[in-house]
1. Checking the conditions here, which among Gly156, Gly141 is closer than 24 Å to Asp47 by Cα, open to solvent by less than 70 Å² (accessible area, probe 1.4 Å) and without any contact (Cβ under 8 Å) to a residue 12 or more places away in the chain?
2. Please give the number of the condition Val119 fails out of (1) at pLDDT 95 or above; (2) not in a loop (DSSP other than H, G, I, E, B).
3. So for region 30-51 (the condition being among the hydroxyl-bearing types (Ser, Thr, Tyr), closer than 29 Å to Pro116 by Cβ and open to solvent by 80 Å² or more (accessible area, probe 1.4 Å)), does at least one residue qualify?
4. Which residue is surrounded by the most Cβ atoms within 10 Å (Cβ to Cβ), if the candidates are limited to region 82-99 and must be touching a Lys or Arg at 6+ places or on another chain (Cβ under 9 Å) and within 19 Å of Gly39 (Cα to Cα)?
Amino acid sequence: AYGLLMKALVFSGVAMQLAGVSRPAAGAEHYLSHTLELGLGWVGPLDALHGEKVGVVAVLCAAEYHKWAGLSAAEVAERVGPPRTPAKEELEAVFGPLVDEVIKENQPDCLAGVKPEQVAENWASIRAIIREIPPAVEIEGLLHSLGGKTNLPALGMPQKQKEKLLHWSAYVRNRFTFMRLVQFMLREE
């Protein structure tokens, strides 16, 4: 087990070094975890290690990914539209004194070069990738078998903050993750 862990860590480090960025080892799960670590008032004080947070939010992300993957291409085509750029006031309500850094981080928006119709046109491929992700219940079971934390309350965060965390964590880094892609499908009717 230790050998496999070390091998995974080394390969992950090499992949990041080759890519020149953390993307090969850090996606939406890490950005959710980083959101929990920013000291935001609505998150509250959490007594958990970074890895524990990543494990819990991996469960949340897997559930979210598979929920969206349940939509057909036709359903996605009906929902997809230009992503709405949050107003500074909205970001300030979430990120408080970090708002200017969040705005700066998100310029230019990583979605700027993506056309909404591309999401629907490529939905079959996106769904195929999501199907390779273990279901949330499987990740939760693995964490539970290891004695790990499996939900937000176990970290010290109310479950009612889940949707806020899932939505706003996409702005912690200006990276094209699935949680950022979902912004195309959250347009106001």
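1. Step by step, each of Gly156, Gly141 is checked, and only Gly141 is closer than 24 Å to Asp47 by Cα, open to solvent by less than 70 Å² (accessible area, probe 1.4 Å) and without any contact (Cβ under 8 Å) to a residue 12 or more places away in the chain.
2. Val119 satisfies every listed condition except (1).
3. no
4. Val94
The values are calculated or read from the model by the stated rules, or taken from the named source; none is laboratory data. Source: prediction; values computed, not measured. Every residue, glycine as well, gets a Cβ built from its backbone with ideal geometry; the counts of neighbours run over all protein chains shown. Ligands, DNA and RNA are excluded from the accessible area calculation, which covers all protein heavy atoms including side chains. Shrake-Rupley method; radii C 1.70, N 1.55, O 1.52, S 1.80 Å.
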